[in-house]
Every structure is written in structure tokens, then in C-alpha cells.
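J.: What follows is a single structure, and I will ask about it in a moment.
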Amino acid sequence: MKKLTIPLIIALAGIALLATSFFTGSKSSGDLDVEIVKTATIMPAAHNVYANPEALDGKYYLFKAKITNHTNKTLEDVTVKYRIPGYVDWTELDVIGQMFSGQTASVLCYPKFKEDITEKNAESVEKAEIEISWDGATDDDIVEEDFSFRISNRNEYMFTNIPSEEIVGWSDVYNNDALLACFVTPNDPIVKYYTQNVQEKILKGEAAGVTKDPKEAIRFLMGIYEATLQSHMVYSGTKGIPESIQDVSQLSQHNRLPREVITGNTGLCLELSLLYASVLSNAGLDPVIFLIPGHAYPGFHLNGQYYAIEATGIGGEGLGGSMTVEQALEKGMKELGEFMQYAQNGDPRFTLVDIHAVNLDGVTPMNLKDDEFLRKKVDDIVATWGTRQLAVNTNAITQNTGGGGNNGGGGNNGGGNNNGGGNASSGLSFSIPGGWQTYTYPLPDLSILTAQVISPNQEVVVSVFDVPTSSAATALQTVEAGLSYYGSYMQYQVNGNQVVGQTSSNNGVFNWVGKTVRGPSGIRFVAVGTYDYLYNQNTNVINQIYNSIR
């Protein structure tokens, strides 16, 4: 009997293990694989974006659950739900009618936070809980997952949601730039009240948003600057905007909201830009924020033209004084001219946020409540404004700063010339339509590029190169070498003095036609073109300019 004891025990143990294995295998939860891809941080200012699967093509979500059915049977009505204790009650995300054996499904969570999340002044770490069940699932079958994530305070803006170790280019650094529109608050009662005071006390009335007259719109832009100047608002100097791809310390910034910039009477470059964008939007204009390494400045676009002002010109006594409103506009238009040239040449460090365009993509501003205390602070600030009316010489703007008249013209300080047709400027050897902007010496490091002329819709560009040589072949080689410095690769074919080519960069492929002519100091090379996907629709105007080159 003893001889049979050990084999019997082993046999019974084997039967027990076999039975256990069978019942474990029948539990679908053990074979339902769930992979969670989560967002590290939620910005309260952008809570409406996270809640909208249509916003920016669904780019922003709290988590994505990848579910794979590894069981040997079909699961019916697989239900995924989640909650965030203290913020979101149990909410059903999706019901998958059937999941066949081996099938994989992805479920995305776009959380709907309550509006009061925009009152959140301190960051916190929260937990998301997920449950996955199906018809016939027992309590032991139900799959439960959870993860932690961060909710920042309402003032924090993260330039990117890409981990710093994965950032490889400037498009990664500016990955969240569209979300800046969440901090532009034209419907904030305090911003509305401030805008009304600017219109009444500084401008003595304005109608830029109604008339769409560039001169009136520029006067309004200058009026905002004049208001900050008269209230002795000061620029708070700091880097703010990332200056390099490696500038990890600047991948997020605490932004005072426009109402806080107004009532606190101080702001960084980006904060001032958000203020201007809010006021411009409230007045019916289309605001733009221009982002460059280490800096941001505001402006607007109207009738196919862009305009800008250097909002930080207010400076302060500790920063050596302030620019006049005319100087601030001149500086802004000069910066704009440089911006357009770098952007046209495909430099990814120069980008802009068209506020109303991203609003249409679902990036809506946060809602803020009225505040009597802040209204009183606005009253106190308005009381410091002088009684002088802002007098703007619009002719001077057109001629000197690129502010533009009805033709969207510009000036000699980077803003461009007022082109009503005819020659682009003195000595240039081609004709262009009215309303185009001319920028002289747009790239300081490429002195042979003496001018560029840009169409009102920013699609067609005429580039003028003056190369001190008597050889057209040498001139083209010099241009090719100069563009390579900016990461652009030029290919071309020459037929007499006619040149056909394309320039490739990180921004795409630019197709162009041109001619080499005898210029004032050697060979002048004039090329006109646009990006390959825009070429067909702009063929007529390109040929018109090309045929006028003399």
C-alpha cells in the first residue's frame, strides 16, 4: 500500500492542477489584454479641447485603451467605462457589440470636466479608474485598471506634450501651440470691460471690426499699446519662450490670464500677446500670435495682410524706458518682415497661431466669471489714462512701417512698400500686382537676397538676388550655397537666361521659374514661385510676373 501512496498523491495533485487550469482558462478576464496609453498632464485652460473628439482631429485625450480578446470565445457587448474621483462620475465610453477571439479594439477617453476646473489654482495628482465588462461577466471577470495623471493649475501652459527626451525638432517644441487660443479670452467680462474703455477713453470710438479698414485696424492695435503705456504697465523680463530645442526648463510657462495682466499691470511677452489677442478678438478683428525663439509678439491679419506690434516696448523705468506707440509699431512690423522671410524659407523656429482659425478647429477659450473687485481695478487703471486722444498719421504708417493702406502696403523698415502696381521698388526689374508687400534685405545673414515680394494671401513669393559677379552660372551657384546655410536644397535647369527649379526644405518643396539679368552690381536673379501643391492654382499670376522680368 505504501508503494502506491506516492504515485496516488502525485496523480491526485495532477488532476487538481488540471482542474484548476481549466477553470482559470475559462475566465475571460485573464485573457483580455488591456494596454493603456495615457496623457501625463491635463491643462484646465484646455479642458474643452480634451472633451471634444473633433477638436484638432482628436489629438488631445486623457487615455487610449487598446483591448485584445485572447480568449477562445466571442465576447458580447464589451463595455468600457471610467471615472475620475472628484471630477468625473462613472461614465460609459463605448460598447463594443462583439469581440471575436483575437480581435483588438481601441477606445479613447475625452473627459468632460466641469467648468469650475478653470478656477483651479494649484496642481494635483489624480487617478483615473477604468472598468471593462461584458455580457455574462462575473465580478471576478471584470477588468479593472487605474493610472495617475497630473492636472496643472489653470495658468500653466505647456509648449509641448511630448516628453523632453523624445523632442527632436522645433515642431515638437511647439506641439501645443494651438492650445494658446484657450488662454485668449475675448468673452471674459473683465476683458470686455477693458476693451470698452480702450475704445471710449483712448480711441474716442472705433469701428475696425465693422469697416475692416486696415488704417482703422492699425489705429485700434496702437490704441491697445497706448492704453498699456498710459497705465504704466511694465514688461516682466524673462525668457518665457524656449530658445533652443534643448531648453527643457522652458517647456512650460505660468501664464497670467489677460484679466490678470490688465489688473496686475505687468506681463511677459507671451502674456501681453494673449492680452492683445483677447482685446482684438473682442473688437471683431482676427488676432495672431507670432512665436520665435525666446520671444512672442501680437498682431492681426486683415484682407490677406499681416500686421504686428512690439507689445513689450512698454518696458519700464528699470528697463531703460518705453517705446512710443509709433516706435512699437515700427519695431513690430520690422520683426514681422523678418518673421515672414524665415517662415517662407522653411525655418521651423518661426511659427504663428491664428487664433480664430484654431477656434474653428475646436480650440475654445476658457469661460471666466465676472468679478466686481477686478472691475474696480480696471476703473482705477482707466483713471490714470490721460485725456489726449490717440492721433495716428495713417499715411506715415503706410510709408514707414508697413502698416498698410487699402492696398495692404508697407514701408522701409521691414514692413514693405505700398505697391499699387508697377515696379516692386526703385530699380527692381519686374512688375507685380497691387497689394503685395516688399521686404528689403529680409535675411541679414544672406546679403545677396536683396528683396522679397509676397502676395496678399502669402502663397506666391518673388525673390530678388543681387550677386557681385559677371557670370550667371556663378551667381546661381552662390545663391544655391547661400540657401543651403538655411537647410534648403536648390535644383535648377538653365536655358539661356531662363531658369526653372525647385527648392526643398523641411517646410516642403517650392517650385519656381526665374531669369538672370544684368543688375546694378553684377548679376540679378529674379525667381517667382510657390509650394508645389499651390502651383497650379497660382500659375496665371506666376506667369504674369515671370513674363514682366526685364
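J.: Could you check the simple spin-label distance between Glu119 and Ser106, using points 7 Å along Cα→Cβ, in nm with one decimal?
T.: About 3.8 nm separates the two model spin labels.
J.: Another question, then. Mind checking the full-extension length gain between Asn72 and Val494? Use 0.36 nm per residue of separation minus the Cα-Cα distance, one decimal, nm.
T.: Length gained, Asn72 through Val494: 145.1 nm.
J.: Is the range 43-131 best put as rounded, prolate or oblate by its Cα gyration tensor, with a ≥ b ≥ c the root eigenvalues, rounded for a/c under 1.5, and otherwise prolate when a/b is larger than b/c, oblate when not?
T.: prolate
J.: Which whole-Hz ³J(HN,Hα) couplings does the range 141-156 yield from phi under the Karplus relation 6.51 cos²θ - 1.76 cosθ + 1.60, θ = phi - 60°, glycine and proline marked x?
T.: Each residue of the range 141-156 in turn: 6, 4, 8, 10, 10, 8, 7, 9, 8, 10, 10, 7, 7, 5, 8, 7 Hz.
J.: List the aspartates and glutamates whose Cα lies under 12 Å from the Cα of Lys120, skipping any in the same chain that are fewer than 8 positions away.
T.: Glu156
J.: How large is the dipole of the range 18-169 about the Cα centre if only Lys and Arg carry +1 and Asp and Glu carry -1, each at its Cβ, rounded to the nearest 20 debye? Can you show the working numbers first?
T.: Numbers: 14 positive and 27 negative charges, 70 e Å.
Roughly 340 debye for the range 18-169.
J.: Using per-residue counts of other Cβ atoms within 10 Å, averaged over each peptide, order 211-224, 107-120 from highest down.
T.: In descending order of packing, they fall as 211-224, 107-120.
J.: Given R₀ = 35 Å, FRET efficiency for Asn367-Trp90 by Cβ-Cβ distance, to 0.05?
T.: 0.85
J.: Next question. What is the gain in length, in nm to one decimal, between Val34 and Ile162 on full extension, counting 0.36 nm per residue of separation less the C-alpha to C-alpha distance?
T.: Answer, rounded to one decimal: 43.8 nm.
J.: Set the bar at 21 Å for Cα to Cα. Now go through Lys81/Lys114; Lys64/Lys127; Lys212/Lys377 and name every pair that lies beyond it.
T.: The pairs that break the limit, which is 21 Å between Cα atoms, are Lys212/Lys377.
J.: Then there is this: Computed FRET efficiency, Cβ-Cβ of Val509 and Asp379, R0 60 Å: what is it to the nearest 0.05?
T.: Efficiency, rounded to the nearest 0.05: 0.60.
J.: Which ³J(HN,Hα) values, rounded to whole Hz and listed in residue order, are derived for the range 276-286 from phi using the Karplus coefficients 6.51, -1.76 and 1.60 in 6.51 cos²θ - 1.76 cosθ + 1.60 with θ = phi - 60°, glycine and proline given as x?
T.: Result, ordered by residue: 4, 4, 5, 5, 4, 5, 4, 8, x, 9, 9 Hz.
J.: So what is the accessible area of the range 119-214 per residue, in Å², with the probe set to 1.4 Å?
T.: Here the residues of the range 119-214 average 42 Å² of exposed surface.
J.: How about Lys73: which lysines have a C-alpha closer than 18 Å to its C-alpha, ignoring those fewer than 8 places off in the same chain?
T.: Lys27
J.: Considering only protein heavy atoms and a 1.4 Å probe, what is the carbon-and-sulfur percentage of the accessible area of the range 150-254?
T.: 50 percent
J.: Choose one of His70, Leu108, Asn52: the residue whose Cα lies farthest towards the positive end of the charge dipole of the range 28-129 (beta-carbon charges +1 Lys, Arg; -1 Asp, Glu; about the Cα centre).
T.: Of the options given, the answer is His70.
J.: For Lys204 and Glu129 in the same chain, what is the full-extension length gain: residue separation times 0.36 nm, less their Cα-Cα distance, in nm?
T.: 21.4 nm
The values are calculated or read from the model by the stated rules, or taken from the named source; none is laboratory data. A quick note: this is a predicted structure, and the numbers were derived from the prediction, not measured. Ideal geometry is used to build each Cβ from the backbone, glycine not excepted, and the neighbour counts take in all protein chains shown. Protein only, heavy atoms only, side chains kept; ligands, DNA and RNA dropped before computing areas. Shrake-Rupley method; radii C 1.70, N 1.55, O 1.52, S 1.80 Å.
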